[in-house]
Amino acid sequence: MKVLLSIKPEFVEKIFSGEKKFEYRRSIFKNPDVDTVIVYSTMPVGKVVGEFKIQTILNLNIEELWNKTQSKSGLNYSFYKSYFHDKDKGYAIKIHAVKEYEEPLLLSELGENLKAPQSFCYIKDDCVLI
């Protein structure tokens, strides 16, 4: 199963360059069958630009999560702390098998009435929103 994640363009670039190997989330999808992330690059890009496989998902207290992931985080500690400012625990999706699309896609190409998710939304393997 796949999820569509909204990610800021500066972090999308770091994912595709290999600098960022962890995608942080304050909350995570509940379905354990999710194995692929479809990457929606938020405005000003506003397109689906690629995908990656999920190697694992860490769920740790904020300090331990940073200690385990900081070298491949693609961001600085100050930004990290502000992102998780009101959380005791957080999630880090370990990125694997990155694939950048040659031609970015409009959300409408993935499914009717598909809108950019605030965080994520589930997508069937045939790219029809469920």
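In table form, for the structure just shown:
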{"read-out": "Total residues in the range 86-103, condition in a loop (DSSP other than H, G, I, E, B) and either in contact with a Cys (Cβ under 7 Å, 6 or more places away or on another chain) or in contact (Cβ under 8 Å) with a residue 24 or more places away in the chain (or both)", "value": "2"}
{"read-out": "Residues that are in a strand (DSSP E or B) and closer than 15 Å to Lys99 by Cα, drawn from the range 25-44", "value": "Thr36, Val37, Ile38, Val39, Tyr40, Ser41"}
{"read-out": "Flag for Lys30 being at pLDDT below 95, more than 24 Å from Leu106 (Cα to Cα) and not polar (S, T, N, Q)", "value": "yes"}
{"read-out": "Any hit, the range 121-130, residues being within 16 Å of the chain's Cα centre (by Cα), farther than 22 Å from Met1 by Cα and not β-branched (Val, Ile, Thr)", "value": "no"}
{"read-out": "Residue within the range 65-85 that is of a type outside the set (A, V, I, L, M), part of a strand (DSSP E or B) and more than 16 Å from the chain's Cα centre (by Cα) present", "value": "no"}
{"read-out": "All positions within the range 15-24 that are under 19 Å from Glu102 (Cα atoms) and surrounded by 20 or more Cβ atoms within 10 Å (Cβ to Cβ)", "value": "Ile15"}
{"read-out": "Positions within the range 48-63 being of a type outside the set (S, T, N, Q) and over 16 Å from Ile93 (Cβ atoms), in sequence order", "value": "Val48, Val49, Glu63"}
{"read-out": "Options Ser27, Ser41, Ser73, Ser6; residue that is surrounded by 15 or more Cβ atoms within 10 Å (Cβ to Cβ), in contact (Cβ under 8 Å) with a residue 12 or more places away in the chain, small (Gly, Ala, Ser) and out of contact with any Pro (no Cβ under 7 Å at 6 or more places or on another chain)", "value": "Ser73"}
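Residues checked against (1) of a type in the set (A, V, I, L, M, F, W, C); (2) farther than 17 Å from Lys8 by Cβ:
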position: Asp33; (1), (2): no, yes
position: Val37; (1), (2): yes, no
position: Pro44; (1), (2): no, no
position: Gln55; (1), (2): no, yes
position: Asp86; (1), (2): no, yes
position: Ala116; (1), (2): yes, no
position: Phe120; (1), (2): yes, no
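The values are calculated or read from the model by the stated rules, or taken from the named source; none is laboratory data. Remember, it's a predicted structure, so these values are computed and weren't measured experimentally. Every residue, glycine among them, receives a Cβ derived from its backbone with ideal geometry; neighbour counts consider all protein chains shown.
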